[in-house]
Structures are given as C-alpha cells and as structure tokens.
C-alpha cells in the first residue's frame, strides 16, 4: 500500500502515476492535504489490507 499525499488540484502527473500503480497491481490511497483540517485523525495499521 502506497500513501500518496497530494493536493486536490493535482491531476495530470498523479493520474499517470496512479495508472502505473494500477497496471502493476499496487494498492494506493490518495490523501489530499488541502482537504484535511487540524481536527481530523489518521490511523494506519499494518493489517490494513487484511
């Protein structure tokens, strides 16, 4: 699993990268930093895919 931290207005290059990941069967999660606020929490666990 790859965490991709981007901006919501990023599209061309990140779309090419996501197409590459999809073609290789690599899971990813896109996190748009501009859509976060200080009161949100993110929890990441090793067993995320299980």
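Where a number appears in this text, it was derived from the coordinates with a stated rule and is not lab data. The shown structure was predicted, so the numbers you read here are calculated from the model rather than taken from an experiment. Reconstructed Cβ throughout: ideal geometry from the backbone, glycine too, with neighbour counts over all protein chains shown.
At-a-glance table
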| quantity | calculated |
| --- | --- |
| Likely footprinting exposure, 19, 47, fewest C-beta neighbours within 10 Å first | 47, 19 |
| Segment residue 20-residue 40, length gained on full extension (0.36 nm per residue, minus Cα span) | 4.2 nm |
| Packing-based order for 23-29, 2-8, using average beta carbon neighbours within 10 Å, highest first | 2-8, 23-29 |
| Length added when fully stretched, residue 28-residue 11, from 0.36 nm per residue minus Cα-Cα | 4.6 nm |
